[in-house]
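The values are calculated or read from the model by the stated rules, or taken from the named source; none is laboratory data. Since the model is a prediction, treat every value here as computed from it, not as a measurement. Positions of Cβ are backbone-derived with ideal geometry, glycine not excepted, and every protein chain shown enters the neighbour counts.
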Amino acid sequence: MTDFEQLVRDRSSIRDSLQTPVPRDALNAALETAQQAPSNSNIQPWRVVIAEGVTREHLSDAPMNAVRAPRDPVGANVTFLG
């Protein structure tokens, strides 16, 4: 089995995360490693936001809130007449 095959077989999908904060040293190490990843034409389009506390809670809730939001095609296309 190749290294790539082993990598694919060993991967997992995380459905929830621990409430324990990630140590700053671990974040820095991960970001330093990520900086070495190639980008198309060296455009380096990524941005990183590290959020803690209430901001992190709001950001972590946002994807599911968007999924649960009712679809309102009428309200989505409002024309201002004034």
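Before moving on, here are some points about what is shown:
- Sub-8 Å Cβ pairs linking a first residue in region 24-39 that is on the phi > 0 side of the Ramachandran plot and acidic (Asp, Glu) to a second residue that is at pLDDT 95 or above and not in a helix (DSSP H, G or I), at least 6 apart or interchain, number zero.
- Those residues of region 1-46 which are charged (D, E, K, R) and farther than 20 Å from residue 61 by Cα, in sequence order: 3, 5, 9, 10, 11, 24, 25, 32
- Note on region 36-59: residues that are over 20 Å from residue 22 (Cα atoms) and of a type in the set (Val, Ile, Thr) amount to 1.
- A count restricted to region 9-39 and to residues that are within 20 Å of the chain's Cα centre (by Cα), surrounded by fewer than 10 Cβ atoms within 10 Å (Cβ to Cβ) and part of a helix (DSSP H, G or I) stands at 4.
- For region 40-68, filtering for residues that are surrounded by 10 or more Cβ atoms within 10 Å (Cβ to Cβ), at pLDDT 85 or above and polar (S, T, N, Q) leaves 1.
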